[in-house]
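These notes are about the structure you will find just below.
The values are calculated or read from the model by the stated rules, or taken from the named source; none is laboratory data. All of these numbers come straight from a predicted model, not from anything done at the bench. In this analysis, Cβ positions are derived from the backbone assuming ideal geometry, glycine residues included, and neighbour counts consider all displayed protein chains.
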Amino acid sequence: MNVLCVIDHFVQGGAQRQLVNIACGLQQRGHRVEFFVYYPDEFFKRIVDNAGIAVHLCLKKGRLSIKPIRDLRRLIQNGGFDSVLAFLETPCVYAEIACLGLKRVRLVVSERNIVPDGIVTISKWVKAQLHRQAHVVTTNSFVHTQWMANSFPWIKNRLTTIFNGVDLNQFRPRSMRLPNGQLRLLGLGRITEQKNIPGLARAIELCRSQKRIDVRVDWVGRMDGGSVLIAAKESIENARLGESWRWLGQRQDVAELMHQYDALILPSLWEGLPNAVCEALASGLPVLASRIADNPRLVEEGVTGFLFDPRDPEDMAEAMARFNDLAAEARLGMAVAGRAFAERELSMEKCTIAYESILMGASGSKATD
């Protein structure tokens with residue numbers, strides 16, 4: 001099978017990581033795989049290059065440029081591809097338009113994020129109509145699958161839920177950090193409104209002032225500047241966190257960092273299926289996460305971590321305190337349970353085989369409901 005993977009760029013993002021891993025997995029299973037991108041960011045490109053996967057870069061010169069669509073259609077027509085796999089909204093739009101009338105090509109597109117507040121905007125409605133060109137529309141969460149089916153009933157039979165995959169060799173348990181009176185939390189993700197940094201800052205302030213817990217956070221992720229970053233930094237300053245909060249920026253050593261903290265913190269207001277949570281579970285790192293989307297499927301309350309209302313800083317602080325009170329033996333139990341869940345549900349092999357199945361025209365392999 002000849003597969004063309006379509007995405008915007010190789011920036012450090014959850015969708016980018018997933019598609020790169022799937023592409024490498026498909027190639028290892030004997031398929032020819034290539035990439036089409038339209039921005040030159042290279043964070044994950046070294047992985048693609050090391051795998052010997054060809055990359056076609058079409059530089060997008062403006063927001064409304066149609067050049068990527070023209071170049072993509074030409075590549076699909078002349079490249080001998082059997083299937084096209086696109087991740088993220090705009091790449092999916094480009095792939096769906098580029099594949100118009102190309103009946104021999106099997107098109108699979110993937111929705112990667114929950115729609116905030118579940119609102120069907122005009123833009124979302126138009127993009128959903130383009131999914132009529134796709135043979136399969138995948139999501140990485142059951143909550144999003146249900147929303148799509150309810151909002152666009154005609155799409156129901158094309159929907160498949162496939163959980164994110166994790167490299168279980170790269171992300172694996174090692175030494176566990178023992179409780180020592182300081183709660184060290186790791187945050188992961190590009191700084192956006194959905195990551196809810198102000199809410200987390202307020203929760204830490206409450207945890208420190210009311211519960212007398214020394215909470216410290218290191219946050220790893222891309223920092224693009226702008227009003228969201230300014231608001232995040234102001235909230236941290238207003239909470240008087242000082243050196244208790246560190247911005248680590250983009251890092252290549254996330255798998256190693258997992259073992260330097262007591263727990264992962266994910267305060268997001270909305271998500272798809274967070275890579276950070278999947279990788280933490282595989283690493284044996286307990287998770288403190290928002291009670292949103294499919295997080296309750298990933299994080300079992302009191303077993304692999306704790307859940308909280310992301311819009312309630314007091315509830316978030318309470319989850320931190322409950323975890324902080326756990327003895328070393330209980331934390332170890334969470335680590336073991338998290339790894340077991342990852343091995344059962346989140347392996348990269350399971351994810352790759354599911355995509356291989358739908359790209360080849362089978363019904364697809366769904367995540368466990």
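Would you mind stating whether HIS144 is under 19 Å from LEU19 (Cβ atoms), more than 19 Å from the chain's Cα centre (by Cα) and in a helix (DSSP H, G or I)? Judged against the criteria, HIS144 is not a match. Filtering the range 26-38 to residues that are in contact with a strand residue (DSSP E or B) (Cβ under 9 Å, 6 or more places away or on another chain) and either closer than 22 Å to VAL254 by Cβ or not in a loop (DSSP other than H, G, I, E, B) (or both) leaves LEU26, GLN27, ARG32, VAL33, GLU34, PHE35, PHE36, VAL37. Could you pull out the residue among ALA321, ALA293, ALA317, ALA337 that is among the small types (Gly, Ala, Ser), outside the structural domain of LEU85 (by TED's automatic domain parsing), in contact with a Ser or Thr (Cβ under 9 Å, 6 or more places away or on another chain) and part of a helix (DSSP H, G or I)? One residue alone meets the criteria, ALA337. Could you go through the range 237-251 and let me know if any residue there is crowded, with 22+ Cβ neighbours inside 10 Å and part of a helix (DSSP H, G or I). No - not one qualifying residue is present in the range 237-251. If the condition is being buried (at least 17 other Cβ atoms within 10 Å of the Cβ) and more than 16 Å from LEU72 (Cα to Cα), then the range 26-39 contributes LEU26, GLN27, HIS31. I'd like to know if the range 240-249 contains one or more residues that are modelled with pLDDT of 95 or more and over 24 Å from ASP214 (Cβ atoms). No.
ASP117 falls short on exactly one of the conditions (1) touching a Phe, Trp or Tyr at 6+ places or on another chain (Cβ under 9 Å); (2) buried (at least 17 other Cβ atoms within 10 Å of the Cβ); (3) acidic (Asp, Glu), and that condition is (2). For the range 321-369, the set of residues classified as at pLDDT below 95 and hydroxyl-bearing (Ser, Thr, Tyr) consists of SER363, SER365, THR368, listed by residue number. Quickly run through the range 196-236 and pick out the residues that are in contact with a Leu (Cβ under 8 Å, 6 or more places away or on another chain), surrounded by 21 or more Cβ atoms within 10 Å (Cβ to Cβ) and within 24 Å of ASP41 (Cβ to Cβ). Selection gives TRP219, GLY221.
Beta carbons closer than 7 Å, at least 6 apart along the sequence or on distinct chains, pair a first residue in the range 307-336 that is touching a residue at least 40 places away in the same chain (Cβ under 8 Å) with a second that is of a type in the set (Val, Ile, Thr) for PRO310/ILE292; MET320/ILE213; MET320/VAL215; ALA321/ILE213; ASN324/ILE213; MET334/VAL303; MET334/THR304.
Let's see how each residue does on (1) surrounded by 13 or more Cβ atoms within 10 Å (Cβ to Cβ); (2) assigned to a strand (DSSP E or B):
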| position | (1), (2) |
| --- | --- |
| ASP41 | yes, no |
| ARG46 | no, no |
| GLY52 | no, no |
| VAL55 | yes, yes |
| ARG63 | no, no |
| PRO91 | yes, no |
| ALA95 | yes, no |
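Please verify whether the range 150-157 includes one or more residues that are part of a helix (DSSP H, G or I), of a type in the set (A, V, I, L, M, F, W, C), surrounded by 17 or more Cβ atoms within 10 Å (Cβ to Cβ) and not assigned by TED's automatic domain parsing to the domain that holds PRO313. Yes: the range 150-157 contains one or more residues that are part of a helix (DSSP H, G or I), of a type in the set (A, V, I, L, M, F, W, C), surrounded by 17 or more Cβ atoms within 10 Å (Cβ to Cβ) and not assigned by TED's automatic domain parsing to the domain that holds PRO313. Is it the case that the range 342-359 has a residue that's outside any helix (DSSP H, G or I), surrounded by 19 or more Cβ atoms within 10 Å (Cβ to Cβ) and of a type outside the set (A, V, I, L, M, F, W, C)? Scanning the range 342-359, I find no residue that is outside any helix (DSSP H, G or I), surrounded by 19 or more Cβ atoms within 10 Å (Cβ to Cβ) and of a type outside the set (A, V, I, L, M, F, W, C), so the answer is no.
Among the residues of the range 69-102, those identified as among the aromatic types (Phe, Trp, Tyr) and within 22 Å of the chain's Cα centre (by Cα) are PHE87, TYR94.
Tally the residues that are under 29 Å from VAL11 (Cβ atoms), in contact with a helix residue (DSSP H, G or I) (Cβ under 7 Å, 6 or more places away or on another chain) and not charged (D, E, K, R), restricting the search to the range 159-194. Residues flagged as under 29 Å from VAL11 (Cβ atoms), in contact with a helix residue (DSSP H, G or I) (Cβ under 7 Å, 6 or more places away or on another chain) and not charged (D, E, K, R) within the range 159-194 amount to 17. Answer with yes or no whether PHE171 is more than 20 Å from SER357 (Cβ to Cβ), modelled with pLDDT of 95 or more and either crowded, with 17+ Cβ neighbours inside 10 Å or assigned by TED's automatic domain parsing to the domain that holds PHE323 (or both). Against the criterion (more than 20 Å from SER357 (Cβ to Cβ), modelled with pLDDT of 95 or more and either crowded, with 17+ Cβ neighbours inside 10 Å or assigned by TED's automatic domain parsing to the domain that holds PHE323 (or both)), PHE171 qualifies.
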